[in-house]
1. If I44 satisfies all but one of (1) within 36 Å of the chain's Cα centre (by Cα); (2) part of a loop (DSSP other than H, G, I, E, B); (3) loosely packed, with under 10 Cβ neighbours inside 10 Å, what's the number of the condition it fails?
2. Answer yes or no as to whether P60 is part of a loop (DSSP other than H, G, I, E, B) and either in contact (Cβ under 8 Å) with a residue 60 or more places away in the chain or surrounded by 10 or more Cβ atoms within 10 Å (Cβ to Cβ) (or both).
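Just so it is clear, none of the values below were taken in a lab; they were calculated from the coordinates. It should be emphasised that the depicted structure is a prediction, and the values quoted were computed from it without experimental measurement. Glycine also receives a Cβ, built like all others from the backbone with ideal geometry; neighbour counts cover every protein chain displayed.
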Amino acid sequence: MDYRKELEALMAETAALAAATAVTIPHKPPVARPQAPLDLVVSILNEPSRPAPRPDNYGPSEREQITKRVENFKAHQERFRREREDYYSKIMTRVRDAAEGRRPPDEF
């Protein structure tokens, strides 16, 4: 048997069955949504508008963060440089005093 003939027969049978069992769906009235009290709506509408919070407030930019870190690093390096120079000058003073006999050498 040809599949097209079978398909047409099946479609005719389905259409006849659908026509014989026609069901009417009753119309449901729309459900009323609860309404807000009128004075509440009026009070909300009469309030002064407030500016929306800015979503782009992410703190300092990357450039500012990098600049601050570089400044902190330079200050830290400067402190180390001063401490090294201070230590060097103290040690050299001790060495010169010991070499000239003003201080015993075992104080190092």
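1. (2)
2. On the way: part of a loop (DSSP other than H, G, I, E, B): yes; either in contact (Cβ under 8 Å) with a residue 60 or more places away in the chain or surrounded by 10 or more Cβ atoms within 10 Å (Cβ to Cβ) (or both): yes.
Against the criterion (part of a loop (DSSP other than H, G, I, E, B) and either in contact (Cβ under 8 Å) with a residue 60 or more places away in the chain or surrounded by 10 or more Cβ atoms within 10 Å (Cβ to Cβ) (or both)), P60 qualifies.
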